[in-house]
Amino acid sequence: MVKFKVKDKTLVIDASNWLTFPSIEDNASVMAIAIELLRRNKGIEKIVFSQEKQIEYDYFAVKMLNEIAELLDSIELHEKEMLKYSKLRKIIQTIKKDPLLAYFQLNVLLSKTKDAEVFVLATNLKEMMESLTMLKIFQEYAKDYEPGLRKIYRKIFMPMIRPNFMTTSFYIFPPRNAMLIDSYKLRNGSKVEIYRIPGKVRHYYHLIAPEFLLSMEDQKIINLAKDRIAEATREIDYSNMERARETFKDIAKSTIRQVASEENIRLSKDKVEELAEILTRHTAGFGILEILISDDKLQDIYINSPIGFTPVFVFHSDFEECETNVFPSKEDAEVWATRFRLYSGRPLDEANPVLDTELFVPGGRARVAAITRTLSPEGLAFAIRRHRDKPWTFPLFIKVRYFNALYAGLMSFLADGGRAILIAGGRSSGKTSLLSSLILELMRKYRIIIQEDTRELPVEIYRKLGYNVENLKTRSVITQVETELPADEALRTALRLGDSVLIIGEIRSVEGKALFEAMRIGALANLVAGTIHGESAYGVYDRIVNDLGVPKTSFKAVDIVSISNMLKSPDGLHRFRRVVELTEIRKKWQEDPLQEGAFVNLMEYSAKQDELKPTDALLNGESEVINAIAKRVREWRGNWEAVWSNIMLRARIKQTMVDYALKLNRPEILEAEYVVKANEHFHLISDEVKKEVGALDSELIYARWLSKFKQLIKHF
């Protein structure tokens with residue numbers, strides 16, 4: 001006796017005591033049960049099998065099964081004569097178990113029978129079957145069909161799966177006709193497959209996480225363990241996410257061992273660790289979000305309202321916009337929203353419908369923007385900007401052609417020169433990542449103050465690398481949390497914290513006035529850098545002066561504006577990030593910097609060569625900013641060749657790191673640990689050479705640096 005219930009046009013079949021996995025595509029008996037229940041219960045639009053997993057068949061799948069149920073009803077009511085013949089009766093009985101095999105058998109019968117009446121009836125049955133949607137789809141794969149084998153049903157049925165310990169559903173099979181074009185593994189054991197779907201411009205991102213592949217025994221253990229430790233989840237302090245996870249994982253391990261013992265199931269140490277990690281992820285953690293954020297190739301993750309009806313969408317570094325096989329539930333959204341509130345200390349409700357915060361999970365970190373009613377009529381939605389778990393570096397950017405070695409050498413020179421630099425661009429142009437990489441060009445002797453309203457820069461990583469960092473979190477101009485200090489007041493406080501490099505995560509509002517006031521009166525002697533939205537140097541000026549209300553003359557405090565943009569291919573199908581301009585701001589203007597020649601490009605992007613090219617102003621030594629830096633160095637004053645040699649030396653060093661990483665197939669050489677050490681070797685060797693020969697001999701510095709670098713990559 002099959003236990004089932006019908007609710008809201010959904011047929012829920014209790015398979016908890018079945019000895020087999022309830023898969024329509026893999027099991028003929030399960031298909032037969034589903035079709036028989038559809039014959040007895042009309043109007044069903046969804047089928048759910050409930051076991052250790054919830055297996056859900058959507059409207060399209062149920063429509064195909066309903067057509068078969070109606071066919072069988074029609075035969076019993078109007079085509080009873082077909083049942084008189086044993087060969088036809090046997091085929092009809094096979095239809096509800098394996099309609100494709102029945103169709104194959106029917107064709108065999110038609111080719112062999114000599115009974116005229118059987119031939120007519122079989123022909124009628126064939127016509128009836130060929131009207132089925134399933135048979136129409138089958139024709140696409142008929143050449144690969146092996147009678148009696150059910151693998152072809154996996155191309156026809158694509159159930160959505162949800163283990164009971166999860167609230168997120170997923171498709172276990174890729175879409176029909178999908179062509180696999182790439183696959184790779186994540187560090188947590190998950191596998192990602194990328195498919196191209198004919199007729200669609202968007203690729204398909206198919207995630208296969210370890211929790212999707214657990215045995216029934218493993219799922220049972222996790223389900224039982226989850227029930228026992230539900231109370232522990234409610235008592236965890238989510239203000240310290242890392243500590244909360246460690247605490248919960250210890251509880252999870254202990255509980256899993258206990259449950260396994262009671263169920264007489266032997267688990268290895270590795271299996272306990274695996275199950276505890278999965279249980280922690282879906283109780284104390286952020287579930288499937290953690291796996292997506294751990295994918296280094298994902299840049300953005302979008303979860304749209306109403307949640308539960310659409311899949312997660314992602315932006316992939318190689319394949320751009322992708323649809324995924326992952327469907328979070330409304331329950332997922334509510335849990336995430338609650339934890340974002342607890343973690344950030346910021347509200348998210350109808351009175352405060354926007355929340356900006358950061359998220360740190362194993363294998364990745366991200367910035368989260370959450371919205372809810374009243375801004376989003378259909379409820380919660382999330383946009384997640386993933387950051388690398390390690391910061392970007394200049395050599396990494398050179399490798400991906402975001403900019404070239406000359407730009408890297410010039411920016412390194414400007415950062416050491418203590419200039420005021422704004423990194424501008426549109427959304428998703430890489431502004432924050434570029435700012436982060438610029439910080440790594442600083443020597444670790446400097447104190448750095450970082451001010452952000454939503455933390456995006458990897459401050460903890462800077463500290464682990466040995467940087468002296470003070471981190472300030474300010475009030476968001478969007479959420480306006482009263483308990484947080486306004487950005488302008490925080491900035492004035494930062495200026496009283498001593499001689500420091502000042503990094504502003506993003507200049508958005510009133511802090512702009514305070515920042516430019518400080519720069520104008522010389523309160524800052526070191527590098528000042530920040531990000532701002534703007535598509536050109538004049539666009540940055542317009543935003544600062546006209547939108548933020550900074551006096552025109554105060555804008556002269558800016559020395560350099562670097563512009564990044566998201567560029568498109570001519571067909572519109574592909575996008576890529578590039579630095580497109582490096583502009584210096586000259587000071588001798590009164591009313592309109594554009595008309596009075598204040599914006600002088602030092603580098604410009606060449607679309608033909610897909611590369612930044614130096615302008616004549618840079619090559620001829622006409623940069624006022626660079627010459628101002630040179631005036632403070634005795635060896636460089638009035639000696640443009642020496643200055644240019646130093647810039648090119650820095651560029652050569654960056655390119656050498658990239659070349660060695662590619663030559664040796666050692667991508668880690670481009671990561672922060674190596675880059676910071678290599679940069680400091682450059683500074684120490686420069687000082688050493690200057691003392692020995694009385695000048696910054698670029699060739700001698702490079703030779704000694706290269707020797708030191710080879711030792712570094714050999715032993716570090």
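The values are calculated or read from the model by the stated rules, or taken from the named source; none is laboratory data. Predicted model only: the values in this text are computed from it and were never measured. Glycine also receives a Cβ, built like all others from the backbone with ideal geometry; neighbour counts cover every protein chain displayed. Just so you know, the surface numbers come from the protein's heavy atoms only, side chains and all, with ligands and any DNA or RNA stripped out. Shrake-Rupley method; radii C 1.70, N 1.55, O 1.52, S 1.80 Å.
Where does the charge balance sit around L649 when Lys and Arg score +1, Asp and Glu -1, over other residues with C-beta under 11 Å from its C-beta?
+1
Calculate, for the chain, the solvent-accessible area per residue in square angstrom, rolling a 1.4 angstrom probe over the heavy atoms of the protein chains.
Normalised by residue count, the accessible surface of the chain is 45 Å².
Which FRET efficiency value, to the nearest 0.05, do you get for S131 and N639 by plugging their Cβ-Cβ distance into 1/(1 + (r/R0)^6) with R0 = 56 Å?
The calculated FRET efficiency here is 0.05.
Find how much the distance from R444 to A607 grows on full extension, using 0.36 nm per residue of separation minus their present alpha carbon separation; answer in nm with one decimal.
Full extension of this stretch gives 55.0 nm more.
Using a Förster distance of 35 angstrom, determine the FRET efficiency expected from the C-beta separation of E263 and D296, and round it to 0.05.
So the FRET efficiency works out to roughly 0.40.
Tally Lys/Arg at +1 and Asp/Glu at -1 over every other residue whose Cβ is under 12 Å from the Cβ of G572; what's the total?
-1
Carbon and sulfur together cover what percent of the accessible area of the chain at a 1.4 Å probe radius?
On the chain, the fraction of accessible area on carbon and sulfur atoms equals 50 percent.
What value, in deg cm²/dmol to 500, does the helix sum -39500 (n - 2.57) over DSSP H runs of n ≥ 4 give at 222 nm once divided by the residues of the chain?
It lands at -12500 deg cm²/dmol.
Using a Förster radius of 25 Å, what is the FRET efficiency between L110 and N41 based on their Cβ-Cβ separation? Nearest 0.05, please.
Computed FRET efficiency for L110 and N41: 0.15.
What distance in nm separates the two pseudo spin-label positions at E79 and L594, each 7 Å out from Cα along the beta-carbon direction?
Here the modelled spin labels are 7.4 nm apart.
Please list, or write none, the lysines whose alpha carbon is within less than 28 Å of the alpha carbon of K9, excluding same-chain residues fewer than 8 places away.
K42, K46, K53, K63, K96, K97, K136, K155, K330
If I model a spin label at N665 and V693 as a point 7 Å from the Cα along the Cα→Cβ vector, what separation in nanometres do I get?
Rounded to a tenth, the inter-label distance reads 3.7 nm.
Mind checking the angle between helix 216-228 and the chain's longest principal axis? C-alpha axes, 0 to 90 degrees, to the nearest 10.
Taking the Cα atoms of the chain, the angle to 216-228 is about 70 degrees.
Specify which labelled value, from (i) 0.95; (ii) 1.08; (iii) 0.99, agrees with Rg/Rh (Cα atoms, Kirkwood Rh) derived from the coordinates of the model shown.
Only one listed value fits the structure, namely (ii).
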